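Beneath this line is the structure, given in structure tokens, with notes to follow.
The values are calculated or read from the model by the stated rules, or taken from the named source; none is laboratory data. No experiment lies behind these values; they were computed from the predicted model shown. Backbone-built Cβ (ideal geometry, glycine too); neighbour counts: all protein chains shown. We work out accessible area using only protein heavy atoms, side chains counted, and drop any ligands, DNA or RNA first. Shrake-Rupley method; radii C 1.70, N 1.55, O 1.52, S 1.80 Å.
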Amino acid sequence: MNLYFPPTYRLGLTAGAHSARHIRRIVRSLLQEWGMPELSDAVELGVTELVANVVRHVPDRRCVLLVSRQTAGVRVELTDGCAQQPVMGGELCPDAEGGRGLVLLDAVVDKWGVCRASGGGKTVWFEATRY
């Protein structure tokens, strides 16, 4: 059975403890269907970090995931209703429980950023491209 995966996938959810695992499966399937399985590791790690930040920092945990196929790769956006901007930590303590998410994101994707979302909140996005 050949399923059609459109060039953009949108999912609204309330993030919980197991959300990242389910989203990784979705992203893996999208990338496979779009002929970009080599991007799976980076994109799966990226969405895991973004969802973890929603679970940890967004009071109502509601967010919208948008995954868009591009000519050379994929763009992922995660929008939530919390206006607090994420901050990439400076010096990381080896025993710290958190603070590594954006550092990891920066290491595995080609570019990322944060912008204000319409109606308040923010969108954290990243792009992963094929080399």
Table column - 3J(HN,Hα) (Hz), the stretch 13-25, Karplus curve with 6.51, -1.76, 1.60, x for Gly and Pro: 7, 9, 6, x, 4, 9, 4, 4, 4, 5, 5, 4, 4
Accessible area per residue in Å² at 1.4 Å probe, computed on the stretch 1-75: 57
Under 14 Å, Cβ to Cβ, from Gly12 - net charge with Lys/Arg +1 and Asp/Glu -1: 0
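Let me check I've understood the local charge: for Ser29, count other residues with C-beta under 14 angstrom from its C-beta, Lys and Arg +1, Asp and Glu -1. What total comes out?
Details: positive: Arg21, Arg24, Arg25, Arg28, Arg69; negative: Glu33, Glu44.
Charge balance in the 14 Å sphere: +3.
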Length-normalised contact order of the chain in % [C-alpha pairs under 8 Å, at least 6 apart]: 26
Per-residue HN-Hα couplings for the stretch 41-54 [Karplus 6.51, -1.76, 1.60; θ = phi - 60°; Hz; x = Gly/Pro]: 4, 5, 5, 5, 5, x, 5, 4, 5, 5, 5, 4, 5, 5
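Computing the accessible area with a 1.4 Å probe over protein heavy atoms, can you report the carbon and sulfur percentage for the chain? Before the final figure, lay out the partial values.
Values: 4000 of 7710 Å².
Heavy-atom surface of the chain belonging to carbon and sulfur, 1.4 Å probe: 52 percent.
Please get the size of the charge dipole for the chain, origin at its Cα centre, with Cβ charges of +1 on Lys and Arg and -1 on Asp and Glu, quoted in debye to the nearest 20.
Numbers: 15 positive and 14 negative charges, 95 e Å.
The calculation lands at about 460 debye.
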Karplus-derived 3J(HN,Hα), 6.51/-1.76/1.60, for each residue of the stretch 107-117, Hz, glycine and proline x: 6, 10, 10, 7, 7, 8, x, 9, 9, 6, 8
Nonlocal amide H pairs with Gly121, under 5 Å, H built at 1.01 Å: Ala83
Summed side-chain charge close to Trp112 - residues other than Trp112 whose Cβ falls under 12 Å, Lys, Arg +1, Asp, Glu -1: -3
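Report relative contact order for the stretch 1-63 in percent, whole number only (criteria: Cα-Cα under 8 Å, sequence separation at least 6). Could the numbers behind the result be given before it?
On the way: 44 pairs, mean separation 29.1, N = 63.
Normalised by residue count, the contact order of the stretch 1-63 is 46 percent.
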